[in-house]
Amino acid sequence: MDLSSILKNLIGIIDIMIVIFTPKVFFTFTILFLAVIATIIVFIVMKKKKKKYVLGAIGIEVLLTIALFFIYFSAKDFPRVYLEKDSLYQTRDNNITLKEAAEDRGIYIGFADNMKNIEKDGYSDILGKEFNAFTPENAFKWSKLLKNGEIGNYDFTKADKYVKFAEDNNLRLRGHVLIWGKGYPSQLKEKLNKVEYKEEFLRSIMREHITKVMKHFEGQVDIWDVVNEPIDLMEARLENNIFYEVLGKEYISYAFELAHKADPNAELFMNGYIGKDPQVLLNLLQELVDEGVPIHGFGLQGHIMNKAGNVKKTEEFLKQVSDMGLKVEITELDVRLRALEEIANDDIYEAQGKYFGEVLEACLRVDNFTGITCWGVSDKNTWYNSLPPYQWMKPNDPLLFDVNLNKKPAYYHIYDVLKNDIK
Ligand code: G3I
């Protein structure tokens, strides 16, 4: 590795850390870290006599770092004003449902989850009543469909339970996901490293996977995320993942062709985030459309992790995608409560509700907008709760129902926007 690529990687890592920890936290810890290093250097070069003072300085710096660490990466308490007796939310009609409001608008309102959570916390009755679309959070991922992680050795038992659940509750079922550069069986890399003709090998593995899975669920899964997250997170380019490395960007069109062949009636989506420069994704989608690749829509994920983004920009992006003749959906919406800490006044749950409402309002102004899915149902079961550092920085509470399955302001803001005749 030469110096320039080491520097590039370092800048990439710093970029990621700034996004994850926010600039304020990142720079505070960087300054403290540099101070400790500088003091250690002083300690090494200075004369013996005064060393104890420098040792004391190092001790103070280390203690300060530990204290700040606990301040930044620990749980906080925010009042749940919406549960108070005199809150307007306590007077709302109990019989409203998001599903009824969404169906009046002709769109899907969906949720993602794992059956384990639904069964453990017993909220299956809410799901069929409130939603009309369902994305299995993990069960349809490539490695989850394999027996002992063995490529080609499929076991659909668990995934079939999701199909039954969707059928029993009249939910549109979204297959998530077929080809994903960040999520594939570990055996794929091992096998690929060993074979001589990598391109042929990878094509045959993709063909087998897409065909087997889509044929198994033909007529049961209505819509598929065929390719997930093809864009690089840190640079304005396509992601250089295992598929891209071997097949170049053609892996994307190839996956869609295979999917269309396997189930010509299924709706085929690309799913992902926008990335550094929206133009990269827009160019990719336009190219696929111009080449006549069977792609029907783009799903924008929408995980609001650290800072609430500019909704107007999201709307502009979705409009550009819609103008290509593609459908657009929000597929993985969750808004971490603490991403709103800087803009919320005294009621952060209300600020979160408003943000949910603004996102939906913006989407409803887009012609080919067909649905919105939240990445979870109850705040108890959100992926943030097992993801460092967010698992320590509670409450994450990014969803429409709280840990006790009470409807949150976010629920009502979504409902009200659906009911309001905007456009
Ligand atoms: O089920 C095992 C459990 O038995 C084990 O004890 C535990 C130990 O870590 O792991 C559990 O599996 C975890 C699984 O979530 C179930 O919670 C996996 O380690 C963990 O990697 C997996 O993370 C999922 C992640 O995708 C990777 O597949 C998250 O739940 C899921 O929310 C997340 O979803 C992705 C979308 O697919 C694509 N877009 C981004 C989104 C969020 O990262």
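The values are calculated or read from the model by the stated rules, or taken from the named source; none is laboratory data. Being a predicted model, the structure only gives us computed values, none of them experimental. Reconstructed Cβ throughout: ideal geometry from the backbone, glycine too, with neighbour counts over all protein chains shown. Ligands, DNA and RNA are excluded from the accessible area calculation, which covers all protein heavy atoms including side chains. Shrake-Rupley method; radii C 1.70, N 1.55, O 1.52, S 1.80 Å.
General observations
- For the range 330-345, the condition of being modelled with pLDDT of 95 or more, of a type in the set (Lys, Arg) and open to solvent by 40 Å² or more (accessible area, probe 1.4 Å) holds for none of the residues.
- On the stretch given as the range 401-415, residues that are open to solvent by less than 30 Å² (accessible area, probe 1.4 Å) and outside any loop (DSSP other than H, G, I, E, B) total 7.
- Those residues of the range 206-237 which are open to solvent by 20 Å² or more (accessible area, probe 1.4 Å) and among the aliphatic types (A, V, I, L, M), in sequence order: LEU233, MET234, ALA236
- Listed by position, the helices (runs of 4 or more DSSP H) contained in the range 110-224 that have at least 1 residues being under 23 Å from TYR254 (Cβ atoms), within 16 Å of the ligand (Cβ to nearest atom) and among the aliphatic types (A, V, I, L, M) are 186-194, 198-216.
- The lone criterion from (1) more than 39 Å from the chain's Cα centre (by Cα); (2) open to solvent by 100 Å² or more (accessible area, probe 1.4 Å) left unmet by LYS24 is number (1).
- Condition met for TRP180 (open to solvent by 10 Å² or more (accessible area, probe 1.4 Å) and in contact with a helix residue (DSSP H, G or I) (Cβ under 8 Å, 6 or more places away or on another chain)): yes
- In summary, ILE41 fulfils each of the numbered conditions (1) open to solvent by 90 Å² or more (accessible area, probe 1.4 Å); (2) modelled with pLDDT under 85 with the single exception of condition (2).
- Residue in the range 371-384 that is within 16 Å of the ligand (Cβ to nearest atom), among the charged types (D, E, K, R) and open to solvent by 10 Å² or more (accessible area, probe 1.4 Å) present: yes
- Test: residue in the range 131-144 that is touching a strand residue (DSSP E or B) at 6+ places or on another chain (Cβ under 7 Å), of a type in the set (Gly, Ala, Ser) and touching a residue at least 60 places away in the same chain (Cβ under 8 Å): yes
- Residue match in the range 381-400 (condition: more than 17 Å from GLY309 (Cα to Cα), in contact with a Gly (Cβ under 8 Å, 6 or more places away or on another chain) and part of a helix (DSSP H, G or I)): yes
- Some residue of the range 276-295 being within 23 Å of GLY376 (Cα to Cα) and modelled with pLDDT of 95 or more: no
- LYS85, sole failed condition from (1) under 34 Å from the mean Cα position of the chain (by Cα); (2) under 30 Å from LYS407 (Cβ atoms): (1)
- Options LEU63, LEU88, LEU83, LEU34; residue that is surrounded by 14 or more Cβ atoms within 10 Å (Cβ to Cβ) and either at positive phi or at pLDDT 85 or above (or both): LEU83
- Any hit, the range 363-370, residues being touching a residue at least 24 places away in the same chain (Cβ under 8 Å) and at positive phi: no
- When the range 267-310 is filtered for residues that are more than 30 Å from TYR390 (Cα to Cα), in contact (Cβ under 8 Å) with a residue 60 or more places away in the chain and open to solvent by less than 40 Å² (accessible area, probe 1.4 Å), the ones remaining, listed by number, are ILE295, GLY297.
- Tally of residues being touching a helix residue (DSSP H, G or I) at 6+ places or on another chain (Cβ under 6 Å) and without any contact (Cβ under 8 Å) to a residue 60 or more places away in the chain across the range 254-266: 3
- Residue count for the range 326-359 satisfying the condition of being in contact (Cβ under 8 Å) with a residue 24 or more places away in the chain and assigned to a helix (DSSP H, G or I): 15.
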